[in-house]
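The values are calculated or read from the model by the stated rules, or taken from the named source; none is laboratory data. Just so it is clear, the structure is predicted and the values come from calculations on it, not from any experiment. Don't worry about glycine lacking a Cβ; one is built from the backbone with ideal geometry, like all the others, and counts go over all protein chains shown.
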Amino acid sequence: MLMHAPTDQPVASTPEKPDVDVLVIGGGFAGLCMAIRLRQAGFSFLLLERAAEIGGTWQVNTYPGCACDIPSQLYSFSFELKSDWSRTYPMQREILSYLHACVNKYKISERILLNTEAKEARFEEASRLWRVRTGQGETITARTIISAMGPLSRPTLGKLPAAERFQGKAFHSSEWDHTYDFAGKKVAVIGTGASAIQIVPQLAPRVHSLCVFQRSPPWILPKFDVAHARWLIWMLQTAPVLKPLARSLLYWLQEAMGFALAHPARGNRTTARAARGAADPRRGPASAGRDAGLQHVQPGAGGK
Ligand SMILES: Cc1cc2nc3c(=O)[nH]c(=O)nc-3n(C[C@H](O)[C@H](O)[C@H](O)COP(=O)(O)OP(=O)(O)OC[C@H]3O[C@@H](n4cnc5c(N)ncnc54)[C@H](O)[C@@H]3O)c2cc1C
């Protein structure tokens, strides 16, 4: 989207009334959170979402094994803690349902314009308003714009030399072709980030051979993912005070892990110990002796 900086036009003496106080762009976690809070605070607002459905990341990504790598009690709005997450690290579908439930509960659906891309935003000094042009050619005026467009919402395939000569099927993980039959195929997965870590174990048993191309090896920690027992869900439902407590506990555990990883002297020992249980013996020499940096640490598929 094009954003134009303020210009030096004179300020109008009679202020123009904008269509809305605030225009939120993007209907993922960030945009929906803003919309809910704006509604609660009594602002007039609209949320533009270019897709046909809300959810952002959790609407677009449906690849096999797509799940959260942050425990569900943490990966949810602090003001809308859920008692009945089905497991520690929920799958994509459950997170998307959670977001839909939030939209319904906080009654923001009538303020969401789906299939509406913000194409250009221009700040007009004279009226002191933003004018946002949509894909449909309409203009919406607002005092404030909040950008929640998500840094990862546009898939990038990358440029591989001679890629155009490749005769097989190729797609990005966020554009998964669920109709494609992988049985008996030779498959290559390019990348070893959070998505690949989830996809590879799902794909491996279904294909003839699977080759993973790895530029920078990540550290893989065990993922302590378990289905939530009925008694746990019952406890969280019966004593709601336990939900923020569980969230705080998980928060501080994650912070402690972050601290250990960020301080190499301790972090290497901690992560190396954890990684020993989960690392793939074929990871190769590239991973040996590397410091475990925060960027490269992923909870693996273990425990699913
Ligand atoms: C596959 C995948 C797995 C992930 N897993 C995790 C995880 O386990 N834990 C974690 O913490 N984070 C994870 N992330 C990061 C995740 O992106 C964030 O946690 C979070 O969901 C981002 O929310 P968001 O609202 O900022 O952006 P998004 O969810 O990307 O939403 C942005 C929305 O803006 C819309 N949009 C963009 N431009 C325009 C425009 N011009 N006009 C209108 N609408 C527009 C997009 O269509 C999209 O719906 C993951 C990301 C990906 C891609």
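See the values below:
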{"quantity": "Test for A246: is it loosely packed, with under 13 Cβ neighbours inside 10 Å and within 26 Å of the chain's Cα centre (by Cα)", "calculated": "no"}
{"quantity": "The listed residue being within 16 Å of the ligand (Cβ to nearest atom) and either free of Cβ contacts under 8 Å to residues at least 12 places away in the same chain or in the same structural domain as T57 (by TED's automatic domain parsing) (or both), out of F171, F166", "calculated": "F171"}
{"quantity": "Some residue of the stretch 176-187 being closer than 14 Å to Y63 by Cβ, modelled with pLDDT of 95 or more, within 14 Å of the ligand (Cβ to nearest atom) and not polar (S, T, N, Q)", "calculated": "yes"}
{"quantity": "Cβ-Cβ under 8 Å pairs, at least 6 apart or on other chains, the stretch 38-49 side away from the ligand (no atom under 16 Å from the Cβ), far side among the charged types (D, E, K, R)", "calculated": "R39/K107; R39/R111; F43/D21; S44/D21"}
{"quantity": "Among (1) free of Cβ contacts under 8 Å to residues at least 40 places away in the same chain; (2) within 26 Å of Q73 (Cβ to Cβ); (3) away from the ligand (no atom under 16 Å from the Cβ); (4) not hydroxyl-bearing (S, T, Y) - the single one L160 does not satisfy", "calculated": "(2)"}
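To keep it simple, each residue is scored yes or no on (1) surrounded by fewer than 18 Cβ atoms within 10 Å (Cβ to Cβ); (2) touching a strand residue (DSSP E or B) at 6+ places or on another chain (Cβ under 7 Å); (3) free of Cβ contacts under 8 Å to residues at least 40 places away in the same chain.
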| site | (1), (2), (3) |
| --- | --- |
| C68 | no, no, yes |
| Q73 | no, no, no |
| W85 | no, no, no |
| Y89 | no, yes, no |
| Y98 | no, no, yes |
| C102 | no, no, no |
| K107 | yes, no, no |
| E110 | yes, no, yes |
| L114 | yes, no, no |
